[in-house]
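This report refers to the structure that appears directly beneath it.
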Amino acid sequence: MHQKIGMSTPGRTRILYSALLACLVGCAPAPTPSPFTRAVTPSSERARVYIYRADPRNSLSAIRLSVDGRPLGTIRNREYETLELSPGTHEFRAALRGWGLAAWGWNRHKLRLSPGEIAFVKLSVRLTERPLPGRALEIGGRGGGAASENVYFEQRSATKAWKELATTTQIQSHP
């Protein structure tokens, strides 16, 4: 007598449907980032900071951002975050992502906030050059030297910032 080894038809059907469902879920589009929305005005005992990136030239560079030593996340071009902080001086640090623990193109900015204040800080990534005698710079239109990407902070007026923020989305969790 031969014994049939294998799975019954209902068992195979369940596996097939499970595999199909896994493929469909895995192929779902990424969630759509939240478009810019103004945050609630801070109370008279707090302050609000909008920190954003709106570089005129699109860049794939990602910036790791921290506030007062606390990691905030990674911000890419056309993204923003808003924070409600206590009045006083706060230190913002920004670093271009590197390999492992190393980062290049970092900068820091101290911002003093008053109670009830709304402040705007724009981040930008710029390519800068440094002359080095006898070394050719391989960027068209520039002389000899070395080039590097650097992060810059710029405090903006509300009028300019609201216009720039209108084209951004809130930062997402980035690996």
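Just want the ordering: Ser157, Ser59, from fewest to most Cβ atoms lying within 10 Å of their own Cβ. If you can, show how the numbers build up before the last one.
Values: Ser157 8, Ser59 17.
Listing Ser157, Ser59 from fewest to most nearby Cβ atoms yields Ser157, Ser59.
Just subtract the alpha-carbon distance of Arg112 and Thr41 from 0.36 nm times their residue separation and send over the number in nm, one decimal. Don't jump to the answer; show the numbers that get you there.
Working: separation 71, 0.36 × 71 = 25.56 nm, distance 1.77 nm.
Full extension of this stretch gives 23.8 nm more.
What is the gain in length, in nm to one decimal, between Thr159 and Arg70 on full extension, counting 0.36 nm per residue of separation less the C-alpha to C-alpha distance?
Values: separation 89, 0.36 × 89 = 32.04 nm, distance 2.90 nm.
Residue separation times 0.36 nm, minus the Cα-Cα distance, leaves 29.1 nm.
Only the coordinates and a few stated rules stand behind these numbers; no lab work does. It should be emphasised that the depicted structure is a prediction, and the values quoted were computed from it without experimental measurement. Counting neighbours? That spans all protein chains shown, and the Cβs are built from the backbone with ideal geometry, glycine included.
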